[in-house]
Amino acid sequence: MVSPSGPTGAEGVRTSGADGADAANTFLLTGIGELTTNVAADGDPCGTIRDAVVFVRDGRIAWTGRATDAPDAVASGVDPGVRVVDAGGRAVIPGFVDSHTHLVFGGDRAEEFAARMAGERYAAGGIRTTVAATRAATDDDLRTRLAALVAECRSQGTTTLEVKTGYGLDVETEARLARLAAEVTDEVTFLGAHVVAPDHVGSAEEYVDLVVGEMLRAVVSHVRWIDAFCEEGAFTAGQCRRVLEAGRAAGLGIRVHGNQLGYGEGVRLAVDLGAAAVDHCTFLSDDDVAALAGSDTVATLLPGVEFSTRQPYPDARRLLDAGVTVALASDCNPGSSFTSSLPLMIALAVREMGMTPAEAVWAATAGGARALRRTDVGVIAPGARADLVLLDAPSRVHLAYRPGVPLVRHVWKDGEELRAAGASQEQGAATALANPPVW
Ligand SMILES: [Zn+2]
């Protein structure tokens with residue numbers, strides 16, 4: 001895209017030259033103290049490069065490497081007038097890939113959260129509270145809330161988002177949610193099998209008939225994935241299998257919510273069906289871990305849930321030591337994890353789940369990409385999308401080392417800079433980038 005009025009994504013970035021074609025999403029990012037590429041090298045899954053340069057051309061990564069190697073390697077492809085952005089020695093990582101969110105809903109459940117913190121136990125049935133508020137909301141209400149949440153995710157460095165339906169639970173509302181979600185992402189998941197709809201309580205099989213029939217037909221053109229909540233209080237493994245197989249027959253990929261509130265069959269069902277991911281994995285038997293280790297199914301851990309419900313955290317170390325591919329995601333939803341912060345997930349995974357900072361950053365980027373079966377995101381390598389996060393820190397370790405601190409300084413999606421929330425407070429990124437680092 002060539003902007004007739006100049007490089008629209010360039011406000012505030014300290015640049016030299018801006019006359020190159022396609023300037024909005026073509027630039028040279030230099031002065032990177034630590035670059036996390038996620039291209040494994042020399043036993044380092046994060047593919048870390050120090051004193052690095054990234055050349056972005058037309059929204060894609062064209063070249064990465066050490067600055068000292070850049071002149072020869074990049075010279076042939078760089079227009080002399082290309083913008084240069086100086087990272088000032090800071091760290092750059094791939095944009096976060098949040099492979100599990102429930103961002104389309106009405107209302108909130110702050111009172112339920114407060115009650116839970118006062119000692120009440122979390123149960124899956126609270127979802128029905130949000131169903132009532134979502135059904136009552138207009139498209140514009142839902143769209144406005146969704147846009148605000150997407151902006152919140154972006155400002156914290158998330159550049160790829162999965163969004164689920166699952167708060168409509170009738171044909172009309174599930175179709176609305178799928179359509180609205182598809183306005184903000186290609187990664188939309190049909191979760192009609194979230195809980196049995198309030199109008200079908202006591203007749204779960206009848207509700208599953210609706211999900212695999214009329215409801216699936218109403219959403220299928222808007223969605224890429226199908227999901228089911230395999231848990232006591234939600235659906236049995238047999239019911240989930242019916243739903244997931246119907247989705248597969250309709251051309252959808254499979255994801256599963258499982259083993260969140262107790263031991264169960266969710267993980268083995270997911271592996272048996274070749275699901276891209278099984279999410280939660282808080283209560284796992286040795287057989288579950290072995291099944292995951294021998295499969296292509298990613299174990300997606302959602303520590304925001306355990307944080308917000310005071311449940312025990314999943315044991316990421318056990319999974320990693322068994323050779324399971326692990327992703328971290330927010331599960332952003334109004335009931336059990338109303339946070340969209342991947343940096344918080346990284347901090348929790350390191351502090352509470354036995355992950356190293358490098359493993360946690362990998363899981364929130366490359367791991368999320370694996371969970372969505374994507375190879376164009378979660379990695380900074382030639383040909384990949386130029387989805388980049390510049391941290392106000394010298395290394396990715398700071399994401400866990402400085403929990404709660406807003407370290408995401410700049411976000412580029414497809415090579416275009418996104419304005420972070422609160423960015424208007426700054427004099428612009430040029431000034432910000434020129435400021436001396438605080439560490
Ligand atoms: Zn979920």
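So Gly77 fits all but one of (1) within 19 Å of Asp414 (Cα to Cα); (2) in contact with a strand residue (DSSP E or B) (Cβ under 7 Å, 6 or more places away or on another chain); (3) modelled with pLDDT under 60; what number is the exception? (3) is the only condition that Gly77 fails. Here the condition is being within 12 Å of the ligand (Cβ to nearest atom) and touching a Phe, Trp or Tyr at 6+ places or on another chain (Cβ under 9 Å); of Arg310, Arg255, it holds for Arg255 alone. The condition (being in the same structural domain as Ser308 (by the TED database), in contact (Cβ under 8 Å) with a residue 40 or more places away in the chain and surrounded by fewer than 22 Cβ atoms within 10 Å (Cβ to Cβ)) is satisfied by just one residue among Glu359, Glu352: Glu352. Listed by first and then second residue, the pairs with beta-carbon distance under 6 Å, at least 6 apart or on different chains, first residue in region 371-396 and without any contact (Cβ under 8 Å) to a residue 60 or more places away in the chain, second not β-branched (Val, Ile, Thr), are Asp376/Ala384; Asp376/Arg385. Among the candidates Val243, Val219, the residue that is buried (at least 24 other Cβ atoms within 10 Å of the Cβ) and more than 16 Å from the ligand (Cβ to nearest atom) is uniquely Val219.
Among the residues of this structure, Val326 counts as one that is away from the ligand (no atom under 16 Å from the Cβ), under 19 Å from the mean Cα position of the chain (by Cα) and surrounded by 24 or more Cβ atoms within 10 Å (Cβ to Cβ).
Flag not set for Phe307, criterion: surrounded by fewer than 24 Cβ atoms within 10 Å (Cβ to Cβ), over 17 Å from Ile346 (Cα atoms) and at pLDDT 95 or above. Here's a check for you: in region 270-286, which residue that is in contact with a helix residue (DSSP H, G or I) (Cβ under 7 Å, 6 or more places away or on another chain) and more than 16 Å from the ligand (Cβ to nearest atom) is farthest from Val223 (Cα to Cα)? Looking at the filtered set, the residue picked out is Leu284.
The values are calculated or read from the model by the stated rules, or taken from the named source; none is laboratory data. Just so we're clear, the structure is a prediction, and the values are computed from it rather than from any experiment. Note that we place each Cβ from the backbone using ideal geometry, even for glycine, and neighbour counts take in every protein chain shown.
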